[in-house]
Amino acid sequence: MKAKKIATTAVYITIVVGVVVGLKLYNKGEAASGIRGEAQEIIQQASGYHKDTGYFDSLLDRHHPTAFDQAYTIGGRHTAASFDDSKYLQSVYSLMIQQAENDGRQEVADSLKLQKNLVLKGVNTVR
């Protein structure tokens with residue numbers, strides 16, 4: 001009887017832990033989606049964006065997840081999740097610039113470098 005009670009308690013604990021972890025990951029996914037939208041709005045202001053929308057968007061699509069993971073902290077039991085805007089922008093721009101250079105798209109890389117410098121001057125926040 002005691003073993004059954006321990007097993008039942010273990011199942012409940014597993015369920016609760018699973019729900020908590022699931023909620024944290026869900027919140028991370030929601031945050032990633034929101035940040036992706038904000039980054040899209042910023043990237044649309046780059047010179048040349050409207051001439052080569054597909055390429056700019058593909059760069060963001062490819063490098064957003066890595067940059068987001070570098071800037072997002074899930075938090076813990078007593079700490080809230082946080083997101084470092086500056087770290088994200090530094091990372092996503094650097095990755096996109098490197099990719100554009102690797103692809104031989106120097107005009108896109110130059111446009112992103114210019115925009116990166118302008119954007120990073122105005123951003124230094126952790127959410």
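The values are calculated or read from the model by the stated rules, or taken from the named source; none is laboratory data. Note that the coordinates shown come from a computational prediction; the quantities given were computed from them, not determined experimentally. When we count neighbours, we look across all protein chains shown, and the Cβ atoms used for this are built from the backbone with ideal geometry, even at glycine.
Under the condition of being β-branched (Val, Ile, Thr) and assigned to a loop (DSSP other than H, G, I, E, B), which residue from segment 90-127 is surrounded by the most Cβ atoms within 10 Å (Cβ to Cβ)?
First, the residues of segment 90-127 that are β-branched (Val, Ile, Thr): 92, 97, 108, 119, 123, 125-126.
Going one step further and asking which of them are assigned to a loop (DSSP other than H, G, I, E, B), we end up with 123, 125.
Values: Val123: 14, Thr125: 9.
By that ranking, first place goes to Val123.
Across segment 78-89, the number of residues qualifying as assigned to a helix (DSSP H, G or I) and of a type in the set (D, E, K, R) comes to 2.
Scoring Ile74 on the criteria (1) in contact with a helix residue (DSSP H, G or I) (Cβ under 6 Å, 6 or more places away or on another chain); (2) modelled with pLDDT of 90 or more leaves a single failure, condition (2). Evaluating Lys24 against the criteria (1) part of a helix (DSSP H, G or I); (2) modelled with pLDDT under 85; (3) surrounded by fewer than 10 Cβ atoms within 10 Å (Cβ to Cβ) leaves one unmet condition, (3).
Scanning segment 72-82 for residues that are surrounded by 13 or more Cβ atoms within 10 Å (Cβ to Cβ) and without any contact (Cβ under 8 Å) to a residue 24 or more places away in the chain turns up just one, Thr73. Can you pull out every residue in segment 39-84 that is farther than 27 Å from Glu107 by Cβ and of a type in the set (Lys, Arg)? Within segment 39-84, Arg77 is the sole residue that qualifies.
Residue pairs whose Cβ atoms lie under 6 Å apart, sitting 6 or more positions apart in sequence or on different chains, and linking a residue in segment 83-94 that is under 18 Å from Leu114 (Cβ atoms) and without any contact (Cβ under 8 Å) to a residue 60 or more places away in the chain to a partner that is among the charged types (D, E, K, R) and part of a helix (DSSP H, G or I), are Tyr93/Lys116. Taken as a whole, the structure places Gln45 among residues that are polar (S, T, N, Q), in contact (Cβ under 8 Å) with a residue 24 or more places away in the chain and closer than 23 Å to Ala31 by Cα. Does Lys87 fit the bill of being at pLDDT 90 or above, within 13 Å of Ser111 (Cβ to Cβ) and either surrounded by 12 or more Cβ atoms within 10 Å (Cβ to Cβ) or out of contact with any Pro (no Cβ under 9 Å at 6 or more places or on another chain) (or both)? The answer is no for Lys87.
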